[in-house]
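Asker: Okay, here's the structure, questions in a sec.
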Amino acid sequence: MREDVEPAAGAASPWTDELLEYDRRHVWHPYGPMPGASAPLPVISAEGVRLRLADGRELIDGMASWWCAVHGYRHPVLDAAAHGQLDRMAHVMFAGLTHEPAVRLARRLVELSPAGLEHVFFADSGSVAVEVAIKLCLQARPGRRRLLTVRGGYHGDTFGAMAVCDPVGGMHRLFTGALAEHVFADRPPAVLDEPYAEHLRTLIARHAGELTAVIVEPVVQGAGGMWFYDPRVLGLLRALCDEHGLLLVADEIATGFGRTGALFACEHAGVVPDVLCLGKALTGGYLTLAATLCTPQVAGALEGGALMHGPTYMANPLACAVALASTGLLAAGGWRVDVARIERGLRAGLEPARALPGVADVRVLGAIGVVQLGGGVD
């Protein structure tokens, strides 16, 4: 241990320019260079929908910290859940052990999720939840090694997840030659037409013998451009998976827990997937936690019996306790009124943007509002 290491700073320690410069020179931020090319905004507190900066300014966080903070910052119910669990146990490994927050949360997720998804694997991030889903599918369909997905999608930054992200317009082209090669259909349209339906039928039929599953973000492609597509596409994919013996994986990490106006986006199509990935809003933005759910048919088909994955922080008790409180707020049902109110506000507030120069489209679904620009963005 270095002798010049400064003592632990208290909660009230002031933000300094020296900290900002150290951040720039030593700390990576998402998808950024080293050293940093621009100065991030120092946040010292958050409450409700507002972030308070070190210089005293307040910002409305329209991103909800990348779609996590569905209840707002410093929600009293979530704060109480975190404090209460800290008084008992912050962490314990999940191998050979179990605990109440994990079991109660698993039951809650089974109750909230589309009927038939009865088995729960807790992961430590959305990307890992997708990795687990891919492993599930590969183990459940021995001999098949490829997945089908659609262009424009995003499923995470780990290796397996990167391989099912958009291979051209996505963020992972640097690794193309090292990634598994999967099958990509065209980006799904806003309105399903027969040419696109035939495109899916032909592509899946051609590759059915080597495909284990289809993985998509239901109805909304998030990081791939906030693109909304016809829910009937999801229904068609469900039918084609059933026809060819494939599994359907719904990546609801960004869309789950009410963001689209339905508790889960696959409900817009009346579709139940074989595997469901959840994350982001699961803990209301407090702690990193994700989950992968599957049907008994998938769980019972695993080659070798055991699902070969086990994160160190799997089912962290602190995260599970907060997630149980967060999902409890959702289970109470008031979120539908809140999302409908937000949707009305977004529609009214963003509609005038259609007339602005450079705006290509304005679209709203649930608590998602999008202003798409026609040109590049600096």
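The values are calculated or read from the model by the stated rules, or taken from the named source; none is laboratory data. The shown structure was predicted, so the numbers you read here are calculated from the model rather than taken from an experiment. Here Cβ is always computed from backbone atoms with ideal geometry, including for glycine, and neighbour counts include all displayed protein chains.
Asker: Could you check PRO30 against (1) farther than 29 Å from LEU278 by Cα; (2) modelled with pLDDT under 95 and say which number it fails?
Answerer: The failed condition is (1).
Asker: Tell me, please, whether a residue that is on the phi > 0 side of the Ramachandran plot and either assigned by TED's automatic domain parsing to the domain that holds ALA115 or among the aliphatic types (A, V, I, L, M) (or both) can be found in the range 300-309.
Answerer: Within the range 300-309, one or more residues are on the phi > 0 side of the Ramachandran plot and either assigned by TED's automatic domain parsing to the domain that holds ALA115 or among the aliphatic types (A, V, I, L, M) (or both).
Asker: Another one. Here are the criteria: (1) assigned by TED's automatic domain parsing to the domain that holds ALA90; (2) within 20 Å of HIS71 (Cβ to Cβ). Tell me which single one GLY366 does not satisfy.
Answerer: Among (1) assigned by TED's automatic domain parsing to the domain that holds ALA90; (2) within 20 Å of HIS71 (Cβ to Cβ), GLY366 violates only (1).
Asker: Follow-up question, since we're still on this one. Out of the residues in the range 142-167 that are in a loop (DSSP other than H, G, I, E, B) and β-branched (Val, Ile, Thr), which is nearest to THR255 (Cα to Cα)?
Answerer: VAL164
Asker: Something else: Hey, among GLU210, GLU217, GLU181, which residue is surrounded by fewer than 18 Cβ atoms within 10 Å (Cβ to Cβ), in contact (Cβ under 8 Å) with a residue 40 or more places away in the chain and within 14 Å of THR149 (Cα to Cα)?
Answerer: GLU210
Asker: Keeping to the range 38-64, report how many residues are closer than 22 Å to ALA223 by Cα and crowded, with 16+ Cβ neighbours inside 10 Å.
Answerer: Number of matching residues: 2.
Asker: Can you tell me which of (1) outside any helix (DSSP H, G or I); (2) modelled with pLDDT under 95; (3) in contact with a Ser or Thr (Cβ under 9 Å, 6 or more places away or on another chain); (4) of a type in the set (A, V, I, L, M) is the one MET171 doesn't meet?
Answerer: (3)
Asker: Can LEU278 be described as closer than 21 Å to VAL150 by Cα and either in the same structural domain as GLY126 (by TED's automatic domain parsing) or touching a residue at least 60 places away in the same chain (Cβ under 8 Å) (or both)?
Answerer: Taking the combined requirement at face value, the residue satisfies it.
Asker: Within the range 95-126, how many residues turn out to be in a loop (DSSP other than H, G, I, E, B) and not aliphatic (A, V, I, L, M)?
Answerer: Total meeting the criteria: 9.
Asker: Yes or no: VAL164 under 21 Å from the mean Cα position of the chain (by Cα) and modelled with pLDDT of 95 or more?
Answerer: no
Asker: What number goes with the only condition from (1) free of Cβ contacts under 8 Å to residues at least 60 places away in the same chain; (2) at negative phi that GLY358 does not pass?
Answerer: The single condition GLY358 does not satisfy is (2).
Asker: Condition test on ARG88, is it modelled with pLDDT of 95 or more, loosely packed, with under 15 Cβ neighbours inside 10 Å and in contact with a strand residue (DSSP E or B) (Cβ under 9 Å, 6 or more places away or on another chain)?
Answerer: Considered against the rule, which asks whether it is modelled with pLDDT of 95 or more, loosely packed, with under 15 Cβ neighbours inside 10 Å and in contact with a strand residue (DSSP E or B) (Cβ under 9 Å, 6 or more places away or on another chain), ARG88 comes out as no.
Asker: Which is closer than 26 Å to PRO231 by Cα and in contact with a strand residue (DSSP E or B) (Cβ under 7 Å, 6 or more places away or on another chain), of ARG354, ARG336, ARG341?
Answerer: Being closer than 26 Å to PRO231 by Cα and in contact with a strand residue (DSSP E or B) (Cβ under 7 Å, 6 or more places away or on another chain) holds for just one of ARG354, ARG336, ARG341, which is ARG354.
Asker: Need the failing condition index for ALA82 against (1) surrounded by 14 or more Cβ atoms within 10 Å (Cβ to Cβ); (2) assigned to a helix (DSSP H, G or I); (3) without any contact (Cβ under 8 Å) to a residue 40 or more places away in the chain, just the number.
Answerer: (3)
Asker: Suppose we filter LEU246, LEU240 for residues that are out of contact with any helix residue (DSSP H, G or I) (no Cβ under 6 Å at 6 or more places or on another chain), modelled with pLDDT of 95 or more, within 20 Å of GLY270 (Cβ to Cβ) and assigned by TED's automatic domain parsing to the domain that holds LEU263; which single one remains?
Answerer: LEU246
Table: residues versus (1) of a type in the set (Phe, Trp, Tyr); (2) surrounded by fewer than 20 Cβ atoms within 10 Å (Cβ to Cβ); (3) in contact with a strand residue (DSSP E or B) (Cβ under 7 Å, 6 or more places away or on another chain).
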site	(1), (2), (3)
LEU112	no, yes, no
ALA129	no, no, yes
ALA140	no, no, yes
ASP157	no, yes, no
ALA163	no, no, no
ASP166	no, no, no
GLY169	no, yes, no
HIS172	no, yes, no
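Asker: Could you grab me the full set of residues in the range 14-37 that are surrounded by 11 or more Cβ atoms within 10 Å (Cβ to Cβ) and in a loop (DSSP other than H, G, I, E, B)?
Answerer: Scanning the range 14-37 gives TRP15, THR16, VAL27, TRP28, HIS29, GLY32, MET34, PRO35, GLY36.
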